[in-house]
Amino acid sequence: MKNVRMIDELREAVRASRASEERIGLVPTMGFFHEGHLSLMRRAVEENDIVVVSVFVNPRQFGPGEDFERYPRDPERDEALAKREGVHYLFSPPEEEMYPGGYMTAVEVKGLSGKLCGKTRPGHFSGVATVVAKLLNVCSPDSLYLGQKDAQQAVILKRMVNDLNMDVHVEIMPTVREEDGLAMSSRNRYLSPDERAQAPAFYRALLEAKQLAEEKGGSVLPVLEKFKNRLASAGGMELEYVELVSCDKLEPLDRIEGPAVLAGAVRLGKARLIDNVLINCERL
Ligand code: AMP
């Protein structure tokens with residue numbers, strides 16, 4: 001595995017692979033790897049000749065007062081894990097390489113970026129779309145690997161790729177969870193031991209609501225009520241939002257008739273946790 005910090009160097013490496021018709025996979029990340037990240041790398045290694053994993057804690061997707069400075073980082077451990085998965089290039093550019101002085105452009109997927117998490121994180125999804133568009137331009141991969149854990153992000157990036165005619169296949173991989181159901185996340189590091197013990201109740205509440213939605217269908221209200229009641233009875237978590245939305249446009253639904261996503265965000269101590277479950281479908 002080669003560590004690359006400069007865009008030109010990565011372009012050069014990828015150009016040579018492309019010339020010999022090798023398939024290229026890209027896994028964009030913010031590092032501090034867990035099994036969720038590794039599952040994307042594994043799939044990318046299976047499906048491609050060359051795999052690029054980017055590690056970039058992207059300042060443009062953090063709002064003022066968010067956790068950019070304290071976001072967990074461990075470049076040495078990340079390097080060892082990526083190497084073990086058979087990744088070919090680990091791309092960790094310095095901030096000035098991605099956003100040099102005079103940088104002005106942003107990508108915005110209007111209509112999706114203000115929904116769900118976008119209501120409390122203005123600018124976040126524009127930051128995500130911008131950095132992923134740049135990474136796609138730098139390494140022009142055949143396939144882009146994303147996690148369902150960040151469902152809104154995946155839907156937005158799929159929309160961007162379609163709308164801008166980017167020639168890349170988007171693969172959305174299932175959420176990898178701890179044994180007790182908590183979705184793996186670099187931010188779980190912020191949980192105290194007591195909070196960590198409470199956190200799986202979030203997923204359990206989502207699962208109970210999913211079961212009701214799939215068994216009964218009909219109005220969304222009892223499904224949201226069930227989730228809220230279960231979350232409240234677990235205690236400790238403050239609900240930011242829970243919504244049952246369509247898979248492509250993320251529009252809130254009144255009735256459950258076809259595929260949908262039940263997505264939510266909660267605050268637990270210093271951590272903000274997000275999670276989601278799919279209703280009446282297997283993949284986003
Ligand atoms: P991050 O480093 O948190 O920005 O995540 C990088 C990629 O890994 C994104 O596509 C995430 O959706 C994905 N990812 C994060 N956590 C998980 C998880 N628990 N299971 C599957 N994919 C995940």
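General remarks:
- Descending by average beta-carbon neighbour count within 10 Å, the peptides 198-205, 114-121 line up as 198-205, 114-121, the highest first.
- Among Thr29, Leu112, Gly102 - extreme Cα towards positive end, dipole of the stretch 1-143, charges at beta-carbon: Leu112
- Measuring against 22 Å, Cα to Cα, the residue pairs Lys110/Lys216; Lys115/Lys158; Lys158/Lys228; Lys158/Lys270; Lys110/Lys226; Lys158/Lys249 contain Lys110/Lys216; Lys158/Lys228; Lys158/Lys270; Lys110/Lys226 as the ones spanning a longer distance.
- Around the amide H of Met173, modelled in the peptide plane, lie the amide H atoms of Leu146, Gly147, Gln148, all under 5 Å away and 5 or more residues distant in sequence or on another chain.
- Derived scalar couplings between HN and Hα for the stretch 233-238 equal 6, 6, x, x, 9, 9 Hz in order, rounded to whole Hz, by the Karplus curve 6.51 cos²θ - 1.76 cosθ + 1.60 (θ = phi - 60°), x for Gly and Pro.
- Principal-axis tilt of helix 75-84 within the chain, Cα atoms, nearest 10 degrees: 80 degrees
- Net lengthening on full extension, Arg84/Arg204 (0.36 nm per residue, minus Cα-Cα): 39.9 nm
- Each 10 Å bin from zero holds the following percent of Cα-Cα pairs in the stretch 191-245: 25, 51, 20, 4.
- Taking the Cα centre of the stretch 1-156 as reference, the dipole from Cβ charges on Lys and Arg (+1) and Asp and Glu (-1) amounts to some 440 debye.
- With all pairs of separate Cα atoms included, the chain yields a Kirkwood hydrodynamic radius of 19.7 Å.
- Share antiparallel - DSSP beta bridges, the chain, percent rounded to 5: 50 percent
- Dipole of the stretch 163-284 computed with +1 at Lys/Arg Cβ and -1 at Asp/Glu Cβ about the Cα centre; of His169, Ala232, Ala205, farthest Cα towards the positive end is Ala232.
- Whole-Hz Karplus values for the stretch 112-119 come out as 10, 6, x, 8, 6, 4, x, 5 Hz, taken residue by residue from phi with 6.51 cos²θ - 1.76 cosθ + 1.60 and θ = phi - 60°; glycine and proline positions read x.
- Magnitude of the charge dipole for the chain, about its Cα centre and with charges confined to Cβ atoms of Lys, Arg (+1) and Asp, Glu (-1), is about 480 debye.
- Working from Cα pairs under 8 Å separated by at least six residues, relative contact order for the chain is 17 percent.
- J(HN,Hα) series, the stretch 34-46, from Karplus relation 6.51 cos²θ - 1.76 cosθ + 1.60, nearest Hz, glycine and proline x: 9, 4, x, 4, 5, 5, 5, 4, 4, 5, 5, 5, 4
- Shown for the chain: the carbon plus sulfur share of the solvent-accessible area, taken with all protein chains present and a 1.4 angstrom probe, equals 47%.
- Positive-end residue of Gly264, Val53, Ala133, charge dipole of the chain with Cβ unit charges: Gly264
- When both the stretch 72-123 and the stretch 172-224 are represented by their alpha-carbon centers, they are found 25 Å apart.
- In this structure the amide hydrogen of Met184, modeled in the peptide plane, comes within under 5 Å of the amide hydrogens of Val176, Arg177, Glu178, none closer than 5 places in sequence on its chain.
- For the chain, a Gaussian network of Cα nodes joined below 10 Å ranks Glu95, Glu85, Glu35 by mean-square fluctuation, and the top entry is Glu95.
- GNM top mover of Gly123, Gly147, Gly258 - the chain, alpha-carbon springs below 10 Å: Gly258
- If you take the alpha carbon atoms of the stretch 153-284 and fit the smallest convex hull around them, that volume is 115 Å³ per residue.
- The chain: most fluctuating residue of Met104, Met30, Met160 per GNM, C-alpha cutoff 10 Å: Met104
- Unit charges on C-beta of K, R, D, E only; dipole of the stretch 145-221, Debye: 140 debye
- Once the chain from Asp254 to Leu239 is taken as fully extended at 0.36 nm per residue, the excess over their C-alpha distance is 3.4 nm.
- Residues of the stretch 93-131 with amide N under 16 Å of the 7 Å Cα→Cβ point at Lys2: 93
- Shown are Asp254, Asp78, Asp142, whose ranking by accessible area with a 1.4 Å probe and every protein chain present, most to least, is Asp254, Asp142, Asp78.
The values are calculated or read from the model by the stated rules, or taken from the named source; none is laboratory data. If you're wondering where the values come from, they're calculated on a predicted model, not measured in any experiment. So basically every Cβ, Gly included, is an ideal-geometry build from the backbone, and we count neighbours across all protein chains shown. Quick note on the areas: whole protein, heavy atoms, side chains included, nothing else; ligands and nucleic acids left out. Shrake-Rupley method; radii C 1.70, N 1.55, O 1.52, S 1.80 Å.
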